[in-house]
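**Q** Starting off with a structure, shown below.
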Amino acid sequence: MLLISWYVIRRMVSNMYVLQSSLQWQAWHDTLTRLYNRGALFEKARPLAKLCQTHQHPFSVIQVDLDHFKAINDRFGHQAGDRVLSHAAGLISSSLRAQDVAGRVGGEEFCVILPGASLTEAAEVAERIRLKLNEKEMLIAKSTTIRISASLGGK
């Protein structure tokens with residue numbers, strides 16, 4: 001009986017850890033894009049900015065705004081818009097350096113934190129993102145493709 005009780009308690013604790021981990025992930029991430037959400041991104045940015053300031057390293061930020069997103073949603077529906085957001089997030093993530101952090105901060109707006117990146121390096125990352133977004137067409141509806149574009153700014 002003691003062995004069964006131990007097993008049940010162990011299983012319950014294990015399930016609680018899995019649930020806690022899942023809830024923590026959901027609290028910090030945008031479930032559609034799998035990037036950090038606005039609050040989590042800013043929480044990540046603060047210590048990175050402070051660390052860069054302390055060590056006198058550059059710190060850059062890129063703002064990415066998908067062009068014509070409302071028109072895509074209006075013309076093809078929200079499911080198509082969700083696919084565009086998810087696709088764009090994947091392309092943004094694949095354009096980053098290991099130490100960079102990206103998040104979705106608004107409807108079609110993303111922000112990339114680049115600790116240790118000069119403005120020149122940030123411009124290179126922004127150009128990589130822009131090129132990847134524009135690189136190929138995306139199937140949006142039956143036999144309809146679109147090309148994603150974005151406006152990017154950095155500081």
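Throughout, read-outs are computed from the coordinates displayed, never taken from laboratory work. Quantities reported herein were computed from a predicted structural model and do not represent experimental measurements. Here the Cβ is made from the backbone with ideal geometry for all residues, glycine too, and neighbour counts use every protein chain on show.
**Q** May I ask you to list the residues in the range 50-78 that are assigned to a helix (DSSP H, G or I), surrounded by fewer than 16 Cβ atoms within 10 Å (Cβ to Cβ) and of a type outside the set (Ser, Thr, Tyr)? Working first, answer last.
**A** Of the residues in the range 50-78, the ones assigned to a helix (DSSP H, G or I) are 50-54, 69-76, 78.
If we keep only those that are surrounded by fewer than 16 Cβ atoms within 10 Å (Cβ to Cβ) too, we end up with 50-51, 53-54, 70-71, 74-75, 78.
Selection gives Lys50, Leu51, Gln53, Lys70, Ala71, Asp74, Arg75, His78.
**Q** Here are some residues: Phe69, Phe59. Which one is of a type outside the set (S, T, N, Q) and in contact (Cβ under 8 Å) with a residue 40 or more places away in the chain? Outline the logic, then answer.
**A** Details: Phe69 fails: in contact (Cβ under 8 Å) with a residue 40 or more places away in the chain.
It is Phe59.
**Q** Exactly one of these conditions fails for Leu41: (1) touching a strand residue (DSSP E or B) at 6+ places or on another chain (Cβ under 7 Å); (2) of a type outside the set (Asp, Glu); (3) under 16 Å from Gly153 (Cβ atoms). Give me its number.
**A** Only one criterion is unmet by Leu41, namely (3).
**Q** Just checking: which of the strands (runs of 3 or more DSSP E) contained wholly in the range 82-155 hold 3 or more residues that are within 17 Å of the chain's Cα centre (by Cα)? Please lay out each step first, then the result.
**A** Values: elements: 101-104, 109-115, 138-141, 144-146, 150-154.
Those strands (runs of 3 or more DSSP E) span 101-104, 109-115, 150-154.
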